[in-house]
Each structure stands twice: as structure tokens, then as C-alpha cells.
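Notes follow once the structure below has been shown.
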Amino acid sequence: AYQNLDPAPGVNTPCAVPNPFSAGCSCPSASQGWNGASQSFRVVSMIPGTAGQIVGSTVTLCFETPQNAPLSAAVEVCDGVTADSTGLTDASGPIQACIDAAGNRTAGTVALPPGTYIDSSIG
């Protein structure tokens, strides 16, 4: 991430907080192994005691997307049943299979490993 201050008339826009990975107000370049994306947003604040004057800056977040990242990460959610823990694919079938297996015992708990799960069966 990095932060640029709002420009002022006749003043060059300073780099308020440089990105530690690029040493400037930019996302790392492809030559630095970067192949990600960025998202910018404005941060503004009204100056107290003024007639609505604001001061602000633009903060840009840099996202890295590894070139060989797996499209899903299958993890075991119960005995012999795997599900995607990245939230990229629906895990409702495997989750329901684990709930059914737990319900067939006298008592059971389904505990999912850390991750993001999509369950399309929940409305």
C-alpha cells in the first residue's frame, strides 16, 4: 500500500507514505516479481473551522496474485470428505455429507478447518 496527498495549486503531489516493496508511490513492477492488481480509495476529512474545506489523500492497496496459485485448496472436513477452503467453489455437498455422518452417530460435531467455505444450500 502507499498514500499520495491531495494536490494543492502549484504544488507537486507528495508521496506521503511510500510502499515498502517498491520504495515509492507505486505497486511493485513485474520486474520485481509482481503480477497483481491494485485498488485505490479516497480518504477525506473536513477541516474544522472552515467553510467546508476538506483535506485528503488517496490510498492504494497492492494485491499480489501468485502466478501458480491453486484454483482451490481441498482440505479434509471430516473422515474421507474434502471441500474447497478458499471460497472459490461450492462446498455445500461435502459439508452436508459431514453433517449427515455426524447425525448418524449418537452425537456429533462438524468442525471445519480455517478457511472460507461457500454453502449454496443456505438461503
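The values are calculated or read from the model by the stated rules, or taken from the named source; none is laboratory data. Just so it is clear, the model here is predicted, and its values are computed rather than measured. Note that each Cβ is placed from the backbone with ideal geometry, even for glycine, and that neighbours are counted across all protein chains shown. For the accessible areas, the whole protein counts, side chains as well, though only heavy atoms, and no ligand, DNA or RNA atoms are used. Shrake-Rupley method; radii C 1.70, N 1.55, O 1.52, S 1.80 Å.
List of remarks:
- Yes/no for Gly123 being modelled with pLDDT under 85 and surrounded by fewer than 10 Cβ atoms within 10 Å (Cβ to Cβ): yes
- Just one residue in the set Gly52, Gly108, Gly115 is at pLDDT below 75, open to solvent by less than 80 Å² (accessible area, probe 1.4 Å) and at positive phi; that residue is Gly52.
- Among (1) at pLDDT below 70; (2) open to solvent by 60 Å² or more (accessible area, probe 1.4 Å); (3) polar (S, T, N, Q) - the single one Thr13 does not satisfy: (2)
Conditions tested, residue by residue: (1) modelled with pLDDT under 80; (2) on the phi < 0 side of the Ramachandran plot.
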{"site": "Cys27", "(1), (2)": "yes, yes"}
{"site": "Gln32", "(1), (2)": "yes, yes"}
{"site": "Ser57", "(1), (2)": "yes, yes"}
{"site": "Gln67", "(1), (2)": "yes, yes"}
{"site": "Gly87", "(1), (2)": "no, no"}
{"site": "Gly93", "(1), (2)": "no, yes"}
